[in-house]
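Read through the structure below, which is laid out as structure tokens, and then see the notes.
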Amino acid sequence: MASHTLISSSSSSLRLTNSMPIKCFPSSFTPIPLLPTKHFSFLSLTTTTPTNKSLQVRSVAAPAESVAGFDDMVSGTQRKYYMLGGKGGVGKTSCAASLAVKFANNGHPTLVVSTDPAHSLSDSFAQDLTGGQLVPVEGPDYPLFALEINPDKAREEFRDATKKNGGSGVKDFMDGMGLGMIVEQLGELKLGELLDTPPPGLDEAIAISKVMQFLESQEYNMFTRIVFDTAPTGHTLRLLSLPDFLDASIGKILKLRQKIASATSAIKSVFGQEETQQAAADKLEKLRERMIKVRELFRDTDATEFVIVTIPTVMAVSESSRLSASLKKENVPVKRLIVNQILPPSASDCKFCAMKRKDQMRALDMIQNDPELASLTMIQAPLVDVEIRGVPALKFMGDIIWK
Ligand SMILES: Nc1ncnc2c1ncn2[C@@H]1O[C@H](COP(=O)(O)OP(=O)(O)OP(=O)(O)O)[C@@H](O)[C@H]1O
């Protein structure tokens, strides 16, 4: 508790490690000026009192000696996957990046992957990680690599494969042959919809399957911890049911292909399309296999854990509760819940902070009484006073969260 304990005081001025005084918000709101990045301490330290007397403040919202069970997370050299997910903007990327840094500093060659279509890993590490390739992250003791999967590119590949092999490409082709009726008869195929307005979650499913593909290669053998920074909740929920949906869709495409193969083989051989079609079919089949692997990965209780990240607001907690219920329903292992951005304790809140703290306490209370969330290990992470960017800042944050 030592470094995160606030000592009460009659003074309203808090002091950071570097002795920079900052004031609570006055009742008429004025934004707190941002501190320079080098001061990545957080408002948790000491206040001065005229008498120099100090008194410990106990508060529900105090960033506690949270025991995340990091010893358990770090033990063993068999490969483990950690997927961090939650509502947009709650701090998924910061928590995922700080976990990756912590693993790498504790002996694990680690890979951190972003499958969120709106990547922010590059921003978090303050390094350019774009390009869909492994990029080494400088700073940690053991190798840490990052990978941002380009969802548009991944989707295009999928689109091309399905188009060539049973999407609108085949329909047009069949229409041209006067055989469109067969396609019509398989009306429930709904391929057009799938290709033109891909269901949310498709990007991520393809991105994860792409990672699975990479992980099969020699180059990736070294990684013993893989941390995923996933897309916001809605995508994750759809992603869980997506492999089944795609499995069925792809299955239908391949079936359709077989059905029409005999009718068109003579014509196709004239136009020389047989080989292209076969190559596309193989590609599609591979994609289907990888989707099944994604589904299995999410449900592998020995190797995988989904960590929910939330913030202490009623809305975020409600959403986290729904996410937890859905994950459990789908047999995805969930053990930990990070409650991020908790106000550090203060002995002399301004009106704004006092209100905010009350709200946060209500939300924390809600978690403790929520049938879905109460059983999870709760990790409280403080709201820090600067933006968390770069490896030193992520290490600092990781050392607070992952204990
Ligand atoms: N504990 C914290 N204290 C202060 N700032 C934080 C904290 N956690 C996250 N932030 C800041 O909040 C912003 C959003 O964080 P982050 O990008 O990690 O969230 P996210 O959930 O991944 O967002 P998105 O859903 O948009 O991908 C960033 O500017 C980050 O530095």
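Can you confirm whether Ile401 is touching a Lys or Arg at 6+ places or on another chain (Cβ under 9 Å), within 30 Å of Val137 (Cα to Cα) and in contact (Cβ under 8 Å) with a residue 24 or more places away in the chain? So Ile401 passes the test. All of (1) touching a Pro at 6+ places or on another chain (Cβ under 9 Å); (2) within 16 Å of the ligand (Cβ to nearest atom); (3) over 23 Å from Thr301 (Cα atoms) hold for Gly86 with one exception: (3). Taking the numbered list (1) in a helix (DSSP H, G or I); (2) more than 8 Å from the ligand (Cβ to nearest atom); (3) of a type outside the set (Gly, Ala, Ser) in turn, Asp141 passes all entries but (1). Within the range 84-108, if we keep just the residues that are among the basic types (Lys, Arg) and farther than 13 Å from Gln341 by Cα, the residue that is surrounded by the most Cβ atoms within 10 Å (Cβ to Cβ) turns out to be Lys102.
Of all residues in the range 144-163, those being more than 16 Å from the ligand (Cβ to nearest atom), surrounded by 19 or more Cβ atoms within 10 Å (Cβ to Cβ) and at pLDDT below 90 number 4.
Only one residue in Pro312, Pro344 is at pLDDT 95 or above, part of a loop (DSSP other than H, G, I, E, B) and crowded, with 16+ Cβ neighbours inside 10 Å. Which one? Of Pro312, Pro344, the one residue that is at pLDDT 95 or above, part of a loop (DSSP other than H, G, I, E, B) and crowded, with 16+ Cβ neighbours inside 10 Å is Pro312.
Scanning the range 315-341 for residues that are part of a strand (DSSP E or B), touching a residue at least 60 places away in the same chain (Cβ under 8 Å) and of a type in the set (A, V, I, L, M, F, W, C) turns up just one, Ile338.
Would you confirm, using the coordinates I've provided, whether Ile400 is within 15 Å of the ligand (Cβ to nearest atom) and either under 24 Å from Ser318 (Cβ atoms) or not in a strand (DSSP E or B) (or both)?
On the way: within 15 Å of the ligand (Cβ to nearest atom): yes; either under 24 Å from Ser318 (Cβ atoms) or not in a strand (DSSP E or B) (or both): yes.
Answer is yes for this residue.
The values are calculated or read from the model by the stated rules, or taken from the named source; none is laboratory data. Here the structure is a predicted model, which is why all the values come from computation and not from measurement. Don't worry about glycine lacking a Cβ; one is built from the backbone with ideal geometry, like all the others, and counts go over all protein chains shown.
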